[in-house]
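Visitor: This is the structure I have questions about; it appears just below.
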There are 2 protein chains.
Amino acid sequence: MEISRRRLLGTVGAAGAAGLALGAAGGALVHSEVSGSGTAGSGGAPGSLGATRVDFQGDHQAGITTPLQAKGHVLAFDLAPGAGRTEAAALMRRWSDTARRLTAGETAPVADTGIALGSGPSSLTVTFGFGHSFFERTGLTARRPAALDPLPDFSADRLDARRSNGDLWVQIGSDDALVAFHALRALQKDAGEAARPRWQMNGFNRSPGATASPMTARNLMGQVDGTNNPKPTEADFDRRIFVQGTVPPEHAWMVGGSYAVVRRIRMLLDHWDQQSLAQQEQVIGRTKATGAPLTGGDETTAPALDKIGADGKPVIPSNAHARISAPAQNGGAAMLRRPFSFHDGIDADGAPDAGLLFICWQADPSRGFVPVQRKLDRGDALSEFIRHESSGLYAVPPGARAGEYVGQRLLEG
Amino acid sequence: MEISRRRLLGTVGAAGAAGLALGAAGGALVHSEVSGSGTAGSGGAPGSLGATRVDFQGDHQAGITTPLQAKGHVLAFDLAPGAGRTEAAALMRRWSDTARRLTAGETAPVADTGIALGSGPSSLTVTFGFGHSFFERTGLTARRPAALDPLPDFSADRLDARRSNGDLWVQIGSDDALVAFHALRALQKDAGEAARPRWQMNGFNRSPGATASPMTARNLMGQVDGTNNPKPTEADFDRRIFVQGTVPPEHAWMVGGSYAVVRRIRMLLDHWDQQSLAQQEQVIGRTKATGAPLTGGDETTAPALDKIGADGKPVIPSNAHARISAPAQNGGAAMLRRPFSFHDGIDADGAPDAGLLFICWQADPSRGFVPVQRKLDRGDALSEFIRHESSGLYAVPPGARAGEYVGQRLLEG
């Protein structure tokens with residue numbers, strides 16, 4: 001393996017040495033080889049996609065403010081019977097070690113499977129979180145924040161418990177599917193006898209370079225999705241997304257961390273696709289092609305929620321998704337949505353088993369996901385076309401420092 | 001939609017006009033925008049991946065000699081009860097029209113879902129085939145080639161009939177997952193009342209640019225896979241892969257076509273990963289890191305099958321996969337393997353439901369897949385680590401000419 005591994009490291013090393021910091025939002029640096037000589041022969045400057053790496057270490061974990069990746073895995077584990085705080089700490093140390101190496105383009109510490117040989121890290125990120133049940137299992141309930149209290153029930157929920165919750169949560173993202181799978185397998189192997197897979201889901205986004213310039217993502221309904229996301233350049237971004245230093249001492253381990261809400265939202269695409277374009281735009285409150293509000297402008301124009309049409313009705317209907325989810329309608333509640341689409345083939349009726357792996361980030365779910373979802377649950381025109389099929393809420397600790405593992409401040413603090 | 005659609009067409013039009021023919025193997029031209037000004041900011045020259053398009057029309061259908069794409073869907077349909085030759089012909093006309101438009105970066109002919117708006121065609125290909133049962137359903141058994149006779153049973157087969165065969169087969173490939181899904185949905189809609197989904201599978205390969213230069217693919221076992229594929233530059237490539245003009249008149253509709261064998265090959269990855277690197281290399285007969293035969297050289301060096309080691313045994317074991325599948329060991333049988341990897345999460349035991357969507361192409365399966373698989377079935381060391389879970393054999397007609405639909409020479413000939 002030596003020759004190939006050195007070649008791989010050489011590539012990545014060169015990328016790092018000549019690297020350009022493209023973004024430092026949230027402390028996670030993205031490095032990319034600067035290449036002006038690439039031809040489009042293989043659909044992109046050769047190797048530039050592969051050579052892009054995202055730092056594992058930082059104030060915050062990677063995979064929160066990192067640009068959307070083309071491929072993703074999200075999965076949950078339960079600690080094995082008999083495993084407690086000691087085993088959990090050892091596992092988090094193994095996982096952090098593996099993630100630190102793989103995200104730098106190195107091989108796994110133990111018996112690398114070879115699946116990613118020849119590929120660079122391709123923007124690989126690995127993000128770890130703890131579910132509510134993790135704290136009973138590890139005897140740490142005294143340090144469990146109230147923000148991890150179970151989410152309220154929503155009337156439209158059709159949740160599958162077997163695909164919800166879990167002691168430990170892992171999010172993997174990469175612009176290359178083999179790199180993502182390689183990381184998944186390495187982390188599963190690390191789990192060993194300490195933890196067992198509870199559920200796993202796969203997702204995707206657009207490939208880098210598919211659009212002429214970076215654009216807001218589209219989901220599988222064809223909607224521009226993510227326009228209203230808070231921007232790292234906004235003054236209150238950090239306060240909204242990451243836990244601040246004002247928490248009680250027993251929760252200090254979460255300072256710099258964030259809470260992730262993860263929902264498998266099935267889209268009833270056959271039903272949706274039967275609606276006319278005009279009907280779809282009334283449901284969303286935006287123009288499908290551009291994402292602009294129905295009251296005009298472009299994608300980033302604020303919706304004129306008070307505007308009345310010639311028919312005497314609001315131009316953006318009272319139950320339009322864009323109206324009900326607007327921050328102005330939710331006391332300023334804000335979350336950073338960073339989803340993947342999913343598509344698991346067809347169900348027994350031949351209908352697509354597809355939709356959105358909704359993942360949102362916030363410093364406090366009670367001022368992010370919960371109030372927005374409560375509002376949507378009561379009157380969103382989109383509800384008829386979607387179904388929440390699973391749910392999880394996870395405390396995602398801050399990023400690891402050099403020599404540290406994720407969660408160490410909780411498990412050894 | 002008009003603004004966005006024109007913008008999209010503009011991008012693709014420019015790519016075509018300034019286009020460079022990168023490969024003409026098998027008659028399917030690949031066009032790509034030539035871009036020297038791309039920065040690596042989004043992981044590739046912006047838009048170059050998206051702007052790459054593959055001609056739908058040609059002597060052969062696209063998706064056979066087209067370079068591997070990052071995302072794929074394969075699916076089969078059965079004609080609906082009561083549907084026959086007339087409905088099949090109308091469906092093939094609708095499908096060909098949709099495929100012709102989408103592969104050129106245009107929207108679908110009817111009620112486009114918008115999912116791919118803003119993305120170029122991203123090397124989209126759509127390939128159509130007919131299964132054995134199609135000919136009974138359409139009253140065309142007199143024109144069914146013997147090459148479509150059911151494959152023999154293999155001792156290691158564990159086939160699921162519900163995921164095998166089917167009247168109609170469709171393969172979709174693209175370097176962008178949303179573009180591929182968009183095409184899938186458009187084709188499903190076209191099926192209307194004429195045909196019903198029978199099965200569907202999703203797959204992936206490396207993203208363009210993940211490696212420093214184009215390399216032979218790796219599969220989910222970590223093996224270099226595809227080294228011995230026939231090359232379009234070889235003198236007998238066409239004769240081996242595409243049906244020649246020497247067939248009887250009743251089969252003339254297949255001249256320029258090819259036969260696809262499609263197998264869902266589950267990899268028992270937990271079992272495989274428990275083997276040491278040395279054990280894995282004995283099973284395959286090649287070095288894992290480089291793909292070179294155990295007898296030395298590099299990936300493209302011919303294996304020295306007669307070479308004896310210091311222990312008096314063949315260096316490449318008698319049951320090594322590379323030995324048993326070597327063309328020299330199979331009377332020169334050859335097929336063009338063009339697979340996708342698959343990964344459908346974990347099964348009820350927590351084991352990965354992952355492996356290879358094996359797709360191979362040949363002018364005659366009795367001189368391609370069948371003799372090689374017979375040999376592998378009897379003594380391949382790899383058999384212990386894989387399981388064939390589904391099987392299909394399809395006649396894939398030649399490419400459509402201008403104004404023609406795929407299969408027209410059969411259905412209206």
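Visitor: Which residues in region B:250-267 have a backbone N closer than 18 Å to a point placed 7 Å from the Cα of B:GLU412 along the Cα-to-Cβ line?
Guide: Within reach of a label on B:GLU412: B:252-255.
Visitor: What is the P(r) of region A:283-413, as percent of Cα-Cα pairs per 10 Å bin from 0?
Guide: 10, 29, 31, 18, 9, 2, 0
Visitor: From zero up to wherever the largest Cα-Cα distance of the protein assembly as shown sits, split into 20 Å bins and tell me the percent of pairs in each.
Guide: The distribution over the protein assembly as shown is 16, 49, 31, 4, 0, given as percents.
Visitor: What ranking of B:LEU168, A:LEU68, B:LEU75 emerges when the number of other C-beta atoms within 10 Å of each C-beta is taken as an exposure proxy, fewest first? Please list the in-between numbers first.
Guide: Values: B:LEU168 26, A:LEU68 19, B:LEU75 22.
Going from least to most buried by this count: A:LEU68, B:LEU75, B:LEU168.
Visitor: Treat every Asp and Glu Cβ in region B:164-310 as -1 and every Lys and Arg Cβ as +1, leave all other atoms uncharged, and give the resulting dipole magnitude about the Cα centre to the nearest 20 debye.
Guide: Computed about the Cα centre, the dipole is about 280 debye.
Visitor: As an exercise, use a Förster radius of 35 Å and the Cβ-Cβ distance of B:SER366 and B:ALA302 to find the FRET efficiency, rounded to the nearest 0.05. Each step should come with its number before you reach the end.
Guide: Numbers: r = 26 Å, r/R0 = 0.73.
The calculated FRET efficiency here is 0.85.
Visitor: Grab the DSSP H runs of chain B that are 4 residues or longer, score each as -39,500 (n - 2.57), total them, divide by all residues and round the 222 nm result to the nearest 500 deg cm²/dmol.
Guide: Only helices count here, giving -6500 deg cm²/dmol.
Visitor: Continuing with the same structure: Please work out whether region A:129-198 counts as rounded, prolate or oblate from its C-alpha gyration tensor, where a ≥ b ≥ c are the square roots of the eigenvalues and a/c under 1.5 means rounded, while otherwise a/b larger than b/c means prolate and anything else oblate? List each step's numbers first, then the result.
Guide: Numbers: a/c = 2.25, a/b = 1.40, b/c = 1.61.
In terms of gyration-tensor shape, oblate.
Visitor: In angstroms, what radius of gyration and Dmax does region A:210-257 have, counting Cα atoms only?
Guide: Answer for region A:210-257, Rg first and Dmax second: 16.4, 48 Å.
Visitor: Still on this model: Among A:ARG409, A:ARG401, rank each residue by its count of other Cβ atoms within 10 Å, from fewest to most, as a rough exposure measure.
Guide: A:ARG401, A:ARG409
Visitor: What are the nm distances, shortest first, from A:GLY139 to its equivalents in the other copies, labels at 7 Å along Cα→Cβ?
Guide: 8.0
Visitor: Right, something else. Filter the trypsin sites (Lys or Arg not before Pro) in region B:125-164 to those in DSSP coil with at most 13 other Cβ atoms within 10 Å of their Cβ, and list the result.
Guide: Qualifying residues, ordered by number: B:ARG158.
Visitor: Classify region A:75-208 from the C-alpha gyration tensor, please: rounded if a/c falls under 1.5, else prolate or oblate depending on whether a/b exceeds b/c.
Guide: Here region A:75-208 falls in the oblate category.
Visitor: Among A:THR52, A:THR233, A:THR86, which one moves the most in a GNM of chain A with springs linking Cα atoms closer than 10 Å?
Guide: Sorting by GNM fluctuation, first place goes to A:THR233.
Visitor: Additional query: Considering all projection directions equally, how large on average is the shadow of the alpha-carbon convex hull of region B:154-248, in square nanometres?
Guide: 10.7
Visitor: In a GNM of chain A with a 10 Å cut-off on Cα contacts, which of A:HIS132, A:HIS73, A:HIS271 has the highest mean-square fluctuation?
Guide: A:HIS271
Visitor: Across peptide B:284-294, what mean number of C-beta atoms from other chains lies inside 10 Å of a residue's C-beta?
Guide: 3
Visitor: Calculate how large, on average over all directions, the projected area of the Cα convex hull of region B:251-326 is; give the answer in nm² to one decimal.
Guide: Numbers: hull surface 31.7 nm².
Average projection, Cα convex hull of region B:251-326: 7.9 nm².
Visitor: While we're on this one: Quick one: order A:MET201, A:MET92 by neighbouring beta-carbon count within 10 Å, fewest to most.
Guide: Least crowded to most crowded, the residues run A:MET201, A:MET92.
Visitor: Under 19 Å Cα-Cα from A:LYS375, which aspartates and glutamates qualify once same-chain neighbours fewer than 8 residues away are excluded?
Guide: The qualifying aspartates and glutamates are A:ASP153, A:ASP157, A:ASP225, A:ASP306, A:ASP364, A:GLU384, A:GLU389.
Visitor: Next up: Among the lysines, which have Cα under 18 Å from the Cα of B:LYS71 when same-chain residues fewer than 8 positions away are ignored?
Guide: Those lysines meeting the cut-off are A:LYS71.
Visitor: Let me know the shape class of region B:107-167, please: from the alpha-carbon gyration tensor, a ≥ b ≥ c as square roots of the eigenvalues, rounded when a/c is under 1.5, otherwise prolate if a/b is greater than b/c, or oblate.
Guide: Here region B:107-167 falls in the prolate category.
Visitor: Which distances, in nm and shortest first, link the B:ASP153 label point to the same label point in every other copy, taking 7 Å along Cα→Cβ?
Guide: In nanometres, ordered from closest: 5.2.
Visitor: Averaging sequence separations of C-alpha pairs under 8 Å and six or more residues apart, then dividing by the length of region A:185-321, give the relative contact order as a whole percent.
Guide: Once divided by the residue count of region A:185-321, the mean separation gives 15 percent.
Visitor: Which translational diffusion coefficient, to the nearest whole µm²/s, is obtained for chain A from the Stokes-Einstein equation, given a Kirkwood hydrodynamic radius over C-alpha pairs, 20 °C and 1.002 mPa s?
Guide: Diffusion coefficient, whole number: 96 µm²/s.
Visitor: So, one more: When all alpha-carbon pairs of region B:69-148 are counted, what percent fall beyond 20 Å?
Guide: 46
Visitor: Another question, if that's okay. Filter the trypsin sites (Lys or Arg not before Pro) in region A:275-343 to those in DSSP coil with at most 13 other Cβ atoms within 10 Å of their Cβ, and list the result.
Guide: A:LYS307
Visitor: Taking each residue of B:197-205 in turn, how many C-beta atoms of other protein chains fall within 10 Å of its C-beta, and what is the average?
Guide: Partner-chain Cβ atoms within 10 Å, mean over residues of B:197-205: 4.
Visitor: Also, I was wondering about something else. Answer with one residue from A:SER207, A:GLY257, A:SER276: the one whose Cα lies farthest towards the positive end of the charge dipole of region A:194-352, charges on Cβ with Lys, Arg +1 and Asp, Glu -1.
Guide: Checking the options against the dipole of region A:194-352, the answer is A:GLY257.
Visitor: In addition: Hey, in the GNM for chain B with a 10 angstrom Cα cutoff, which one of B:VAL170, B:VAL247, B:VAL224 fluctuates hardest?
Guide: Result for chain B, Cα springs under 10 Å: B:VAL247 fluctuates most.
Readers should treat all values here as calculations from the given coordinates under stated rules, not as data from a laboratory. Only a predicted model underlies this, so the values are computations on that prediction, with no experimental measurement involved. A quick note on method: Cβ atoms are made from the backbone with ideal geometry, for glycine too, and the neighbour counts reach across all protein chains shown.
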